[in-house]
Amino acid sequence: MALLRSATPGDIGPVIETGRVVLRAPQMSDYPAWAELRASSRDFLVPWEPLWAPDELSRASFRRRVRHYLRDMREDMGYALFVYDAQSTALVGGITLCNVRRGVTQSCTLGYWVGAAHAKRGYMTAAVRAVLPFVFDSLELHRLEAACLPTNTPSMRLLERVGFTREGLARRYLRINGEWRDHVLYALLDTDSRG
């Protein structure tokens, strides 16, 4: 069970805790751990992500990223959360809830990444499960969407394991590693059973 607690004065944004993972908004003090994890995982992550900028891992780039995340959170447009091992407190990956749409849609899009050393150890499954009450109960959204490359079997299995339904294929949907790529589309509704 996930525990969502209000942010304390030192926290920015939501903090979600389970026995396995802790999710919280990125802060500038996270830069060394983030840069180290992303650098050591580069070969593992590049095939699944947008093209990395030449200064991708610089402190200045991270500062811009954190500012962007905070602006999106203030404006209810998106929520970026780093994922930590609850026992060791090591950074293991990240989750983004982006493109928050209100009005008649009430939905957003889920994205996630995990460091190479932490892959296939259940961290991201635990993190996605932990973020669902925040999406559906706190943000009161109706629909959570996700997309992954058809060749990313571990990601498809993760989404299906937590209750997402495969809805179709979007042709040339996202530009990944410099190329427009097809993506398998998934969604989870607030009324669906969760795995």
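Numbers below:
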read-out	value
Top-ranked residue in the stretch 34-52 [being of a type in the set (Gly, Ala, Ser) and surrounded by fewer than 16 Cβ atoms within 10 Å (Cβ to Cβ); ranked as farthest from Glu179 (Cα to Cα)]	Ser40
Residue satisfying all of: in the stretch 98-149; among the hydroxyl-bearing types (Ser, Thr, Tyr) and assigned to a helix (DSSP H, G or I); nearest to Gly78 (Cα to Cα) among these	Ser138
Qualifying residue in the stretch 116-137 (condition: among the aromatic types (Phe, Trp, Tyr), buried (at least 18 other Cβ atoms within 10 Å of the Cβ), under 14 Å from the mean Cα position of the chain (by Cα) and closer than 22 Å to Thr191 by Cβ)	yes
Filter result (surrounded by 15 or more Cβ atoms within 10 Å (Cβ to Cβ) and part of a loop (DSSP other than H, G, I, E, B)) within the stretch 53-85	Glu56, Leu57, Met77, Gly78
Residue within the stretch 9-18 that is at pLDDT 95 or above, touching a helix residue (DSSP H, G or I) at 6+ places or on another chain (Cβ under 8 Å) and surrounded by 18 or more Cβ atoms within 10 Å (Cβ to Cβ) present	yes
Lone qualifier among Arg157, Arg171, Arg166 - being without any contact (Cβ under 8 Å) to a residue 40 or more places away in the chain, in contact with an Asp or Glu (Cβ under 6 Å, 6 or more places away or on another chain) and not in a loop (DSSP other than H, G, I, E, B)	Arg171
Every residue from the stretch 87-106 that is in contact (Cβ under 8 Å) with a residue 60 or more places away in the chain, within 29 Å of Thr191 (Cα to Cα) and either of a type outside the set (A, V, I, L, M, F, W, C) or surrounded by fewer than 16 Cβ atoms within 10 Å (Cβ to Cβ) (or both)	Gly94
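The values are calculated or read from the model by the stated rules, or taken from the named source; none is laboratory data. Computed from a predicted model, the values in this text were never measured in an experiment. Cβ sites come from the backbone with ideal geometry, for glycine too, and all protein chains shown count toward neighbours.
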